[in-house]
Structures are given as C-alpha cells and as structure tokens.
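Right, one structure below, let's go through it.
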Amino acid sequence: MGYLTKSRFIKAMECPTKLYYEGRREYRNRQLEDSFLEALAEGGFQVGELARCYHPEGIKVDERDTDTAVKKTEELMKKKNITIFEGAFLSNQLLVRVDILEKTGNRLNLIEVKAKSYDGDKDGDFLNQRGNVNSNWSDKINDAAFQKMVLKRIFPQYAVDAYLMLPDKNSICPTEGLHQKFKIQTLENGRKTVVQQQELTEEELDEQILIAVNANKAVDNVLYSYYSFGGEEMPLENFADCLAASMEKGEKIPPVVKMECKACEFQATEDEEAKGLKSGLKECWKEALGWGEEDFQNPAIFEIGNFPKAKTMLAQGIIKMKDLDPGEFEPVPSEDVALTTKQRQALQAKKTLRGDFTSWINRSGLGREMDSWTYPLHLIDFETAMPAIPMHKGMRPYEGIAFQFSHHVLHEDGRVEHRGEYLKDEPGAFPNFEFIRALKKELEEDQGTIFRYAAHENSYLNMIYRQIQRSGENSEDHEEQEEKETLQDREELLRFIKSITKSTKNSPEKWVGERNMVDLLELVKKYYYDPRMKGSNSIKKVLPAVLNQSEYLQEKYKEPIYGSRRGIPSLNFENQIWIQYQEGEVIDPYKLLPPMFQDITDEEQEILDEQIERGGSIADGGAAMAAYARLQFEDMPREEREEIRRALLKYCELDTLAMVMIIEGWREQSNKKEDSGTE
Ligand code: SF4
C-alpha cells in the first residue's frame, strides 16, 4: 500500500480507519483526488510557485520516483547551506516531500506552503486561548508536525523549525500584473500544473504577499501530545509507525462511530452502490455497531440540521433518529410564527419518524412577506472568485472578484424573463467596477423588490463599496489617478450599492438601503420545510424539493417553454424542458446542465458541485471558481474557452431561475385554501 505520506497522515488524524479506504478504488471517495483541481476551485493554486520565487536560490527535486528523489535529496543535503524544493525524506515507511527546506549549517527551516489566508491579528501562532491548536488550522499544523517529526528522526543532531508560508491578508500587492505571471500548463499525462511565465520585479520580491509564520508552538503541541492506537496511548512518532504498519499489512483500524462520519468522504449513494461502488461508512457502521443493511433505512440523528446535542447522543449510543426522546425537541408551534432553528429540528424529526414526506409551509407568514413585495421581482445571483494573488496593485490576497451575475424578473401576472447577465473573463481584467455598473443598469429601471439567496451578494456589494471608496482616496500614484478618472460615476455607484444592501457587521458606516435585498434563504428558514431537504437549506436542496411538491411547476416546466419564442425568454437556453423524471422523482435541474469542463471526469465534476452545497450557497461554488481560474490562466483553444463560458452562463442562469421557481411554488401553495402550514 506504499508509504505513510503527509496527506495520508492528515487523513489518519481525522480518522485512522480512512487509511484503509484511501487508494482502494472500489470505495466511493467524495474528495477530489486531483489536488490541482481542488486548488483551482479554492483559488490558491499559484501560491506554491510564488513561494518558490521568493527563494531564487532553491533547487527543486523534480523526480516523482521515491527512491531517486530520496537519493537526490541526500546528495543535496551534504551541502552546508542549501535550499531545497520538494526534497524527499524517508524514515522507515514514513515519507515526506518538504515544500521548501532551508539548511544553514545544523539548522533546518521546514517551510510548508499553504494557500490559506493568514491574518496575524486573528490567527497569531495558530493556538487558541486554551493553548490548543486552533481547529481552523489543525490539518495544516498536523502536516507540518509530521514533517518535523520525520526530519528530527533522520537528523537528530539538527535544530528543526517549522513555518507555514501563507498569503498574508494584511499585505498589499505592490504591482499590476503579478497575478498574470503564473499560468496553467497541461502536462503530457493530461494533468495540469502552474508555471511561472515572467520574472518577478524587485518590488514584487521586496514587498512579499506571502508570509512565513513560525509554527513551532502549535507544531510542538501536536508532536508532544499522545495518541490512541489499539487501546494504547502513545507519542506521535509511535502512532505514525503503527499507522504505517497497518497500512503495509492492509489492515483496517477498527472504526469508531462519531460526528465526523457525517462528512466522511467514503460514502456512496444508493445509486452508486447499485453501480458496484462500496460505501466505507456502511462498512464502518456495520462493523462498529453490528448493523445490518436495514438499519440504514432509519436516518441518523446527525441528519438533523444544526443539532448540537447530536455529539453527546452519539457518544451515548443513540444513533437513529427514531431512538430520540421527543422531549429533546421544542413542540412545533401551532401559532402563526416564523420557525426557530429548534422548531425546524422538531419538524424534521417528527416528519421523519412519521414517514411524512409532505412539505410544511407557513402560508400566512409567507403571505405577509409576499404582500410587502413590489413587482416586478428581481432575482439576482453572483459568481465570484478570491484569487490568492491579487489582480491589481493595491489589492490584498483573496480580495474578492465579482466576475458574473444573472438576473431574472418575475412579473405580478406570472410572466418570467431572464433579463440580463454579465460575465467578464478576459485574463487580467478587473471586473468589479464594470460589474456594478452593469448591475445598476439592470436594476434601476423600476423599484421592484430584489432577492438574493444567502448573505453572499450583500457581502460582495459591501466589498465593492469599500473598493470604490478606496479608489477615491488621494493618491500620488499615476495609475491610481487614472483609475479614479474612470470612476467619475463613483458617487452614483456608492449610492446605488447602499440603496440595495445593508451594511455588514464590521462596516464602520451603518445603513439599511431603502430597497435592501430580500434574502430568500431567510424566508426558507422561517416559513418552509420539506423532508427532501433533510437538514440542509442550500438552494440545491430546496429547488428539487419545491419542484417535487408543486403540480403547478411540474405542469409549467415539463413543456419546452423555457427559451422558446412564445414562452420564457432566456439568454442561454432554447426550448429547455426542466421537468424530467427518474423513478417518479423530478430530476434535479442542475443534473440536466452540460458539464462545466470536458476534460475532467463526471465524478470530479460532481465533487466540485458538492463543494457548492458545502458552501451552503451556489455563490460559493467551486465549479464556477475553477472555471474562472482556467479562463484567466490557461491558454486554451477558442472553442474550449467558449464552451466553458457557455457552461458558466447556463449555471448562473439556473441559479436565478431556481429562485424564481421557489417563489412560483410558494405562490401556488399560498393560494391553496387548506392549511398544511402548521403542525
Ligand atoms: S465512516 Fe467514520 S469511522 Fe469510518 S472512515 Fe469515515 S469517519 Fe472513519
């Protein structure tokens, strides 16, 4: 089964049983095995290359074959002073490739490069107030600790210091164009990598946007803790050896059922099992709890959304929802009030236990909301990216880019139109100001109510507000002066943003705009629940739920009216039929879209889509971010570029159509006389 590498060690720190499933292709793995694709979706794929630029003296160990790489590293380590990239160090079965290793005499600095933004004031030395590793950083620190342990074992006579090199949230990009110096290239085996295309300027080397933070305290906290293996407590080093030994023997470390199982990547859907893939989770639970196949028909308690008691209950052996004491939940109120989180939980548990698959809607509450709306309704959704390397001089790492929006309109008489969209993907072009102008133009024609789903759109508009304000500050810089000149409509744009938003928590200026956007997610939480959503309120769960319950929507969208001349105007679809069935259920419309990329597998595409769900809102979508990154940094044939653009436009259009459909479904239910809204 190979060596215990950094990434396997991190998995084992999450749950040692995962080592058994890792690399066994018969088990469904819901994590991207292509780490580059993952980095693309997260925006930090160029950080490693930039970090190497900051160490121009470094020598890279390119060899992928372990023995050759280890031998080459051994040779290089004979030098008194040297910087090595990707050096390979092997001790028994433990293998590490160190991102950057600085050797100065008997001192080693191991530098682990990560694309996670670091804010010195908030993140400090990666420890929390109790002196433990901050959970936000634990996988990064575990990674560095594993490397330090292996280096100490091979070089006991050396002092080893561990650093994390990270995009510094408080740094400011000193130049234009740094962002475009790193491009994506396709290797012979089809995989992609980042290459530096231009030298860094002196300014870029002096004013670095990555920071190397000493992580020794947090790393030592991991190194000098004890870990449980086979009922024995042991130091990290012995623990790692035990893990490596069970890997070599192909043994499975006995599973322990815990909250983390909920997010375990080794689980398969029924469909996937039918196709022959195995579910690691099922195997674990059968082994640990003596369960049979039928036990999985009962939903587990951690399917209840935001249920903090679930952890204690699991520890007490209460796994199935049906074993919960109903007294654990508040009663669902019969009065006409907005649901609290606890009441939603009660509703979910009760419906599950009764086998009741009908939806719950508070008609009068929703009705009051609807009465306050002004038609036509405007539904908007943004696609955004947060590049680690800023697009512009004066910007900070991970400062947001709003590169796309979609806009649907729903009229009082029921007419729907996909009225507008915006997509800016030219390499190096900074879209935010043009984006806001285009949005203003779309929305200023009337005073209709505007809808967003979740906080994302409001946060981004607040961010653009600050960027516009900043661009107006006095500057000696010629280029900034030029930018100011292009922002002659600055005051108008600021006024517009304020009119449709509310200020965010950390904003020094406070406001609530007269046309402040309505958050559809908040309305879902208060007034709507459907068992198909399980514990999630993500729009990707709400949409199929509404479609499956609504006869009106099924009748309307089963016809090819979407994008047809006499039907609903669409900018990207033609005669689209949104209602299609599989085994009696409406197919999730997102599954009807073409793949975002032709050169990744269906599974990878699915995982990218799932990242959207994990983000809780489509705006956090990994697939759109990855697509934008490729359009920015990859030289590709025009047709391929066009295909990605078309896919992006369709995805974003469906995001706002989903909002239209949810409101249409609610309008239909609100018009019904009988009351299914209360329990
Ligand atoms: S299902 Fe649970 S016990 Fe099994 S590998 Fe995943 S996290 Fe570990």
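Picking from residues in the stretch 566-589 that are free of Cβ contacts under 8 Å to residues at least 12 places away in the same chain and under 19 Å from His407 (Cα atoms), the one that is surrounded by the fewest Cβ atoms within 10 Å (Cβ to Cβ) is Glu574.
Screening Asp67 on (1) farther than 30 Å from Met596 by Cα; (2) within 16 Å of the ligand (Cβ to nearest atom); (3) of a type in the set (D, E, K, R) shows it passes everything except condition (2).
Can you name the residue in the stretch 435-452 that is part of a helix (DSSP H, G or I) and of a type in the set (A, V, I, L, M) and, of all such residues, is surrounded by the fewest Cβ atoms within 10 Å (Cβ to Cβ)? In this case the residue turns out to be Ala438. Checked against (1) modelled with pLDDT of 90 or more; (2) among the aliphatic types (A, V, I, L, M); (3) buried (at least 19 other Cβ atoms within 10 Å of the Cβ), Ile184 meets all criteria but (1).
Filtering the stretch 248-271 down to residues that are at pLDDT below 95, crowded, with 18+ Cβ neighbours inside 10 Å and of a type in the set (A, V, I, L, M), which residue is farthest from the ligand (Cβ to nearest atom)? Looking at the filtered set, the residue picked out is Ala268. When the criteria are applied in full, Asp635 meets the requirement of being over 19 Å from the mean Cα position of the chain (by Cα), among the charged types (D, E, K, R), surrounded by fewer than 20 Cβ atoms within 10 Å (Cβ to Cβ) and modelled with pLDDT under 90.
Step by step: first the residues of the stretch 522-568, then only those that are aromatic (Phe, Trp, Tyr) and not in a helix (DSSP H, G or I), then the one that is modelled with the highest pLDDT. Which residue is that? Let's see the steps before the verdict.
Of the residues in the stretch 522-568, the ones aromatic (Phe, Trp, Tyr) are 527-529, 552, 557, 562.
Then drop every residue that is not not in a helix (DSSP H, G or I), which leaves 528-529, 562.
Numbers: Tyr528: 93, Tyr529: 91, Tyr562: 98.
Result: Tyr562.
Exactly one residue out of Glu303, Glu287, Glu294 is more than 9 Å from the ligand (Cβ to nearest atom) and more than 30 Å from the chain's Cα centre (by Cα): that is Glu294. With respect to (1) small (Gly, Ala, Ser); (2) in contact (Cβ under 8 Å) with a residue 40 or more places away in the chain; (3) within 16 Å of the ligand (Cβ to nearest atom), the lone exception for Ser228 is condition (2). Against the criterion of being in the same structural domain as Glu74 (by TED's automatic domain parsing), under 23 Å from the mean Cα position of the chain (by Cα) and either at pLDDT 95 or above or surrounded by fewer than 18 Cβ atoms within 10 Å (Cβ to Cβ) (or both), Asp99 does not qualify.
Against the definition (in contact with a Lys or Arg (Cβ under 9 Å, 6 or more places away or on another chain), away from the ligand (no atom under 16 Å from the Cβ) and more than 30 Å from Gly177 (Cα to Cα)), how does Glu237 come out, yes or no? The answer is yes for Glu237.
Tell me the residue from Ala310, Ala274, Ala245, Ala212 that is within 16 Å of the ligand (Cβ to nearest atom) and either under 30 Å from Asn170 (Cβ atoms) or not basic (Lys, Arg) (or both), please. So that I can check it myself, show each step before the final result.
Values: Ala274 fails: within 16 Å of the ligand (Cβ to nearest atom); Ala245 fails: within 16 Å of the ligand (Cβ to nearest atom); Ala212 fails: within 16 Å of the ligand (Cβ to nearest atom).
None of the other options fit; the residue is Ala310.
Those residues that are closer than 30 Å to Gly428 by Cα and surrounded by 18 or more Cβ atoms within 10 Å (Cβ to Cβ), I need them from the stretch 134-170; list them, please. Those that are closer than 30 Å to Gly428 by Cα and surrounded by 18 or more Cβ atoms within 10 Å (Cβ to Cβ): Leu164, Met165, Leu166, Pro167, Asp168, Lys169. Of the residues in the stretch 104-133, how many are basic (Lys, Arg) and crowded, with 20+ Cβ neighbours inside 10 Å? Residues that pass the stated criteria total 1.
The values are calculated or read from the model by the stated rules, or taken from the named source; none is laboratory data. In this text, all values refer to a predicted model and were calculated from it rather than measured experimentally. No Cβ is skipped: glycine too gets one built from the backbone with ideal geometry, and neighbour counts run over all protein chains shown.
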